[in-house]
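S.K.: Here it is, the structure, as structure tokens.
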Amino acid sequence: MSDMGVQPAGQAASGLTQWQRVAYTFSAPSKTFEDIKRGFKSWWLPFVIAVLASYILFTAITVKVGWVQVAENAIHMDSKAEEKMAQAPPDQRETIMKFTQYGMEYGFAAAPVFILAAGALISLIFWGTINFGFGGKSTFGSIFTVWMFAGLPGTIKALLGTVALFAGGAPESFNLANFAPTSVGAFLNPLETNAALYKLATALDITSIWSMVLLGIGIAAVAGVKRNSGYIAVFGWWALYLLVTVGWAAVRS
């Protein structure tokens, strides 16, 4: 349990504060990650910030778009889903629409659970990769804490998405896959773009890449390996993820 978030006894006075680590994540990330390496693994503040940003966006979507509209847009922007909807009898259409709506709405509302679950899974993958693949000496708790801080740029995306909605974004064109103008895909029309290309363009997101750079720096720091090793581990897994998701989109199109 102490490995997941409790600072070492007798060292609390010498480490950075949580707010300092958050600030340094944006201005001098090495300071944050070196502090984590020294044993200061408390991650509650970036988690709270991420949850608050998620719920601010959730509220904006609920008020300015509505989850029925979000579901309708998602089906309309997916040719396969729209074709299936068109061929289904009326009662099945209603079921499909409700399933899509509730899945997206409640899934978004469960952001804290997904953040923790995704963090645990990804941290486990990188803990194994950096230790066994690159000879690192990290702990799972340190990798998990790094992941929490490295995800902070994602809060900027959520806030930008909120601003875009209140600035007059049309509900009929809202796309949950590209809710903020931070990726190449946000500037493409999913109905007029090849599905595989659109998936790739969506993945080219400045906040996601920023987070991956931070993650590479962080896991290298806490594992005591060269920074290039951290980058290779992070972007190697990202490349594999893209290969699978873009390939699947190509197969479906």
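The values are calculated or read from the model by the stated rules, or taken from the named source; none is laboratory data. Everything numeric here is computed off the predicted structure, so don't read it as measured data. We place every Cβ from the backbone using ideal geometry, glycine too, and count neighbours over all the protein chains shown.
S.K.: For Leu215, work out the one condition from (1) under 16 Å from the mean Cα position of the chain (by Cα); (2) aliphatic (A, V, I, L, M); (3) over 17 Å from Gly128 (Cα atoms) it doesn't fulfil.
M.R.: (3)
S.K.: Collect the residues in the stretch 161-183 that are part of a helix (DSSP H, G or I) and either in contact (Cβ under 8 Å) with a residue 24 or more places away in the chain or surrounded by 17 or more Cβ atoms within 10 Å (Cβ to Cβ) (or both), keeping them in residue-number order.
M.R.: The initial filter retains those residues of the stretch 161-183 that are part of a helix (DSSP H, G or I), namely 161-166, 171-173, 176-178.
Hits for the stretch 161-183 are Gly161, Thr162, Ala164, Leu165, Phe166, Pro171, Glu172, Ser173, Leu176, Ala177, Asn178.
S.K.: Does Arg227 count as modelled with pLDDT of 95 or more, surrounded by fewer than 17 Cβ atoms within 10 Å (Cβ to Cβ), of a type in the set (Lys, Arg) and out of contact with any Asp or Glu (no Cβ under 6 Å at 6 or more places or on another chain)? If you could, list the steps in order and put the result at the bottom.
M.R.: Working: modelled with pLDDT of 95 or more: yes; surrounded by fewer than 17 Cβ atoms within 10 Å (Cβ to Cβ): yes; of a type in the set (Lys, Arg): yes; out of contact with any Asp or Glu (no Cβ under 6 Å at 6 or more places or on another chain): yes.
It is true that Arg227 is modelled with pLDDT of 95 or more, surrounded by fewer than 17 Cβ atoms within 10 Å (Cβ to Cβ), of a type in the set (Lys, Arg) and out of contact with any Asp or Glu (no Cβ under 6 Å at 6 or more places or on another chain).
S.K.: If I ask for residues that are in a helix (DSSP H, G or I), in contact (Cβ under 8 Å) with a residue 40 or more places away in the chain and over 14 Å from Gly218 (Cα atoms), which ones from the stretch 111-147 would you list?
M.R.: Selection gives Ala111, Pro112, Ile115, Leu116, Ile125, Gly133.
S.K.: Here is a follow-up. So in the stretch 8-38, with the set limited to residues that are outside any helix (DSSP H, G or I) and crowded, with 17+ Cβ neighbours inside 10 Å, which one is modelled with the highest pLDDT? Reasoning before the result, please.
M.R.: Taking the stretch 8-38 and keeping what is outside any helix (DSSP H, G or I), we get 8-17, 28, 38.
Still in the running and crowded, with 17+ Cβ neighbours inside 10 Å: 15-16.
Numbers: Gly15: 81, Leu16: 90.
Only one residue tops the list, namely Leu16.
S.K.: Something else now. Out of (1) assigned to a helix (DSSP H, G or I); (2) without any contact (Cβ under 8 Å) to a residue 60 or more places away in the chain; (3) in contact with a helix residue (DSSP H, G or I) (Cβ under 7 Å, 6 or more places away or on another chain), the odd one out for Ala220 is which?
M.R.: So the condition that Ala220 fails would be (2).
S.K.: Further question: Examine the stretch 170-183 for a residue that is of a type in the set (Ser, Thr, Tyr), within 24 Å of Glu72 (Cα to Cα) and at pLDDT below 95, and state whether such a residue exists. I'd like the intermediate steps shown before the answer.
M.R.: Keep residues of the stretch 170-183 that are of a type in the set (Ser, Thr, Tyr), which gives 173, 182-183.
Checking the rest, the ones that are also within 24 Å of Glu72 (Cα to Cα) come to 173, 182-183.
So of that shortlist, the ones also at pLDDT below 95 come out as 173.
Yes, the stretch 170-183 has at least one match.
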